[in-house]
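The structure appears right after this line, and notes come after that.
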Amino acid sequence: MQDTQSISQFDRHTAHYPQWAQMMARKYFTKTLIQFILHGNVRDLVRHENPETGEVNYVGLIHFLTKELFTARDLVILYDRAAGIHFLDAESKKDFHRAISGYDSLFGTEYAKRRPRNPSQVLSILDNYFRLRLGAGKRIACIIDYAETIIPMAEASMYSADDRSALVNLQRWAHDPLFLQHDFTICLITENLSDLNQQHVQSPWTCEINLPLPEQDDRLAFAQWSVKDVMPLYDEYSDIGLQELAQNTPGLGYTQMRTILADTLENKSRLSFHHLSQLKKVLIEEAAFGMLEFVESRHNLDDVAGHSEAKTHLRQAAFALKHGMLDVIPMGYLVSGPVGTGKTFLISCFANEIGIPMVKLKNFRSQWQGQTEGNLERILNLLEAMPPVAVMIDEADAALGNRDAEGDSGVSKRVFGQIASFMSKPEHRGHILFFLITARPDLMPVDLKRQGRAEEHLALFYPSTPADRLELLHVMMRRTKIEIPKEAIPDALLSGETVYSGADMEALLTRAKFRAASINGDPNYVTSEILQAVVDDFIPPANSEEKELQALVAVLESTSKESLPEMYRSMDRIEITQRIHELKLTIS
């Protein structure tokens, strides 16, 4: 361990480093760790400040490691599977060539003529080279980029001989006494930690260093640095100050910030708030490889028919969010109810009420082993940098996996673990708000529905009173641009003898417009006779038992008795449970 004076000196020497680099240096100087896995925002720029002149620059990660962090090393070796082994200078290259010629003489190979790129061969050569040069007192750093191609995530039974050889070499280096005794560092670089062999990641001899997306102050400093020589030009073409630009770009890296600024400064595109919003959405969706989609709705909660208790609660949550009362906000919501009750529409409308962006989690699952977990890690890293943000997960029972799932090599278990861990972080309360939407909450694992994750359970049902049915019908008439007086509305739509969901009513009205177009050439001229004929002809889908099941499981999941319709509020929960069991047997 170092004494107080040396630690103080260490702090002075590393004060200009990014925080992740300071952590890495501090870990290294404990003399117990020499192998680091850099993950996260590794393809972005890194802030580099000259401690002597104070001059700031933004460079790539490899440039920062070689020119700043490892600038005092005698040898810096870089390797990736595509480029093979390469060096920073001609002298190092010559030195390696001499060493590899000796290796050829000893083992009968011809690597000096054509250097290999295969990991097992490369790492064997490097092992020999490191031992020779460390024995001669050289200080060495080795940077292995795209490490997921060297030791990929896979089941042990799926590993090839080359994969096993590469894994063994890296694990042996991490705790080799010779390497630990000398000034020697290995950096593995990957975007997603879950793409690497988890046995190696979880080893006590490796240290994972996360490179986060820049915070607001970091983005402001980058924007100021980028426009320092062209500030008049920026002011001419931008309606947004630099401070506002930094505030409105969470989730973006320096490279994406540079794209926005270049569009303004080089293309002379006016940077308005609307233009910035559109650019930001495109950039984040691209960074998520299309697995995140921003939810944009022209509607608000006033356009939602019925569900008064749910709307009241969501409006109260919106008020709390807008006024910074984050400690009263649930960690997440479970929104359940039969198909056609408007679950997704309700939450989409809520997006217009809260004043923060809402994104929808799309299909992130892949047929390739390890890719699903890597996709999810990328998404969660983006969400971590975007607060405040709301996240909608539709069909959550199918999307989020299960701790007890079998038959997919453990993918669902790992997905479940990632999501559950992320949702329960206390620091996310009021900053990352999850909405899990499903018609079958009974199929979701209890761990996701408990307090501390999806805390508030909103249950939506079909309209149960004539007033509710009339309100829903009016909403659907506005949406389909049909006007029919109340007295001309068919009794069947309001009586309740047949249960019509919002989707059913919209389908009826659309069918009426179709018939009106064929009769009189005007789809908007729907008469009461046309609507009556359509209602008489309409046969609801024959899935009443499924709908009843979905309604009853939503009743059991609801965390508010007041929000339940009267017909469900007074029902005995034991009877509900028995009826659910009967319906499941019948449907199956």
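The values are calculated or read from the model by the stated rules, or taken from the named source; none is laboratory data. Because the structure is predicted, anything quoted here is derived from the model rather than measured. As a convention, Cβ positions derive from the backbone with ideal geometry for all residues, glycine included, and neighbour counts pool all protein chains shown. Quick note on the areas: whole protein, heavy atoms, side chains included, nothing else; ligands and nucleic acids left out. Shrake-Rupley method; radii C 1.70, N 1.55, O 1.52, S 1.80 Å.
Given the structure, is SER501 exposed (fewer than 14 other Cβ atoms within 10 Å of the Cβ) and either closer than 30 Å to HIS581 by Cα or within 36 Å of the chain's Cα centre (by Cα) (or both)?
no
Take the residues in segment 445-460 that are in contact with a His (Cβ under 8 Å, 6 or more places away or on another chain) and of a type outside the set (Lys, Arg), then tell me which one is surrounded by the fewest Cβ atoms within 10 Å (Cβ to Cβ).
Kept after step one, since they are in contact with a His (Cβ under 8 Å, 6 or more places away or on another chain), are these residues of segment 445-460: 449, 456, 458, 460.
Next, from what is left, pick out any that are of a type outside the set (Lys, Arg): 456, 458, 460.
Values: GLU456: 20, LEU458: 26, LEU460: 26.
The residue in question is GLU456.
Which residues, taken from segment 550-572, are assigned to a helix (DSSP H, G or I), surrounded by fewer than 18 Cβ atoms within 10 Å (Cβ to Cβ) and touching a helix residue (DSSP H, G or I) at 6+ places or on another chain (Cβ under 7 Å)?
LEU556 - this is the single residue of segment 550-572 that is assigned to a helix (DSSP H, G or I), surrounded by fewer than 18 Cβ atoms within 10 Å (Cβ to Cβ) and touching a helix residue (DSSP H, G or I) at 6+ places or on another chain (Cβ under 7 Å).
Is it true that some residue in segment 433-444 is more than 21 Å from PHE364 (Cβ to Cβ) and open to solvent by 20 Å² or more (accessible area, probe 1.4 Å)?
Looking through segment 433-444, at least one residue is more than 21 Å from PHE364 (Cβ to Cβ) and open to solvent by 20 Å² or more (accessible area, probe 1.4 Å).
Within segment 526-549, how many residues turn out to be in contact with a helix residue (DSSP H, G or I) (Cβ under 9 Å, 6 or more places away or on another chain) and either within 19 Å of LEU583 (Cα to Cα) or at pLDDT below 85 (or both)?
Residues flagged as in contact with a helix residue (DSSP H, G or I) (Cβ under 9 Å, 6 or more places away or on another chain) and either within 19 Å of LEU583 (Cα to Cα) or at pLDDT below 85 (or both) within segment 526-549 amount to 7.
Which of the residues belonging to segment 103-160 are in contact with a strand residue (DSSP E or B) (Cβ under 8 Å, 6 or more places away or on another chain), open to solvent by less than 30 Å² (accessible area, probe 1.4 Å) and among the acidic types (Asp, Glu)?
ASP145
Answer yes if at least one residue in segment 142-154 is part of a helix (DSSP H, G or I) and over 17 Å from HIS200 (Cβ atoms), and no otherwise.
First pass over segment 142-154, keeping only residues part of a helix (DSSP H, G or I): 147-149.
The next check asks that each one be over 17 Å from HIS200 (Cβ atoms); those that pass are none.
Within segment 142-154 (the criterion being part of a helix (DSSP H, G or I) and over 17 Å from HIS200 (Cβ atoms)), the answer is no, since none of the residues qualifies.
I want to confirm something. Restricting to segment 194-227 and keeping residues that are free of Cβ contacts under 8 Å to residues at least 24 places away in the same chain and under 29 Å from PHE130 (Cβ atoms), which single residue is least open to solvent (accessible area, probe 1.4 Å)?
Only one residue fits best here, namely PRO204.
Scan ALA262, ALA246, ALA174, ALA221 and give me the residue that is in a helix (DSSP H, G or I), under 19 Å from PHE36 (Cβ atoms) and of a type outside the set (D, E, K, R). Lay out the reasoning, then the answer.
Working: ALA262 fails: under 19 Å from PHE36 (Cβ atoms); ALA246 fails: under 19 Å from PHE36 (Cβ atoms); ALA221 fails: under 19 Å from PHE36 (Cβ atoms).
Matching residue, one of ALA262, ALA246, ALA174, ALA221: ALA174.
All but one of (1) part of a helix (DSSP H, G or I); (2) at pLDDT 95 or above hold for CYS187, so report the exception by its number.
Here CYS187 clears every test but (1).
Filter segment 90-138 down to residues that are part of a loop (DSSP other than H, G, I, E, B) and within 39 Å of the chain's Cα centre (by Cα) and give me whichever is nearest to ASP80 (Cα to Cα).
This residue is ARG117.
Please work out if THR438 is touching an Asp or Glu at 6+ places or on another chain (Cβ under 7 Å) and closer than 30 Å to MET386 by Cα.
Here the answer is yes, as THR438 does meet what is asked.
Tally the residues that are in a strand (DSSP E or B) and touching a Ser or Thr at 6+ places or on another chain (Cβ under 6 Å), restricting the search to segment 73-87. So that I can check it myself, show each step before the final result.
Of the residues in segment 73-87, the ones in a strand (DSSP E or B) are 75-80, 84-87.
Subset that is touching a Ser or Thr at 6+ places or on another chain (Cβ under 6 Å): 75-76.
So the answer is 2.
Condition test on ARG81, is it under 19 Å from PHE179 (Cβ atoms) and open to solvent by 30 Å² or more (accessible area, probe 1.4 Å)?
Criteria not met by ARG81.
In contact (Cβ under 8 Å) with a residue 60 or more places away in the chain, surrounded by fewer than 17 Cβ atoms within 10 Å (Cβ to Cβ) and of a type outside the set (A, V, I, L, M): does that describe GLU191?
When the stated conditions are applied, GLU191 does not pass them.
I'm told HIS39 meets every condition in (1) of a type outside the set (Ser, Thr, Tyr); (2) open to solvent by less than 10 Å² (accessible area, probe 1.4 Å); (3) part of a strand (DSSP E or B); (4) in contact with an Asp or Glu (Cβ under 7 Å, 6 or more places away or on another chain) except one. Can you identify the failing condition by its number?
(2)
For segment 397-404, state whether one or more residues are of a type in the set (S, T, N, Q) and surrounded by fewer than 19 Cβ atoms within 10 Å (Cβ to Cβ).
There is at least one residue in segment 397-404 that is of a type in the set (S, T, N, Q) and surrounded by fewer than 19 Cβ atoms within 10 Å (Cβ to Cβ).
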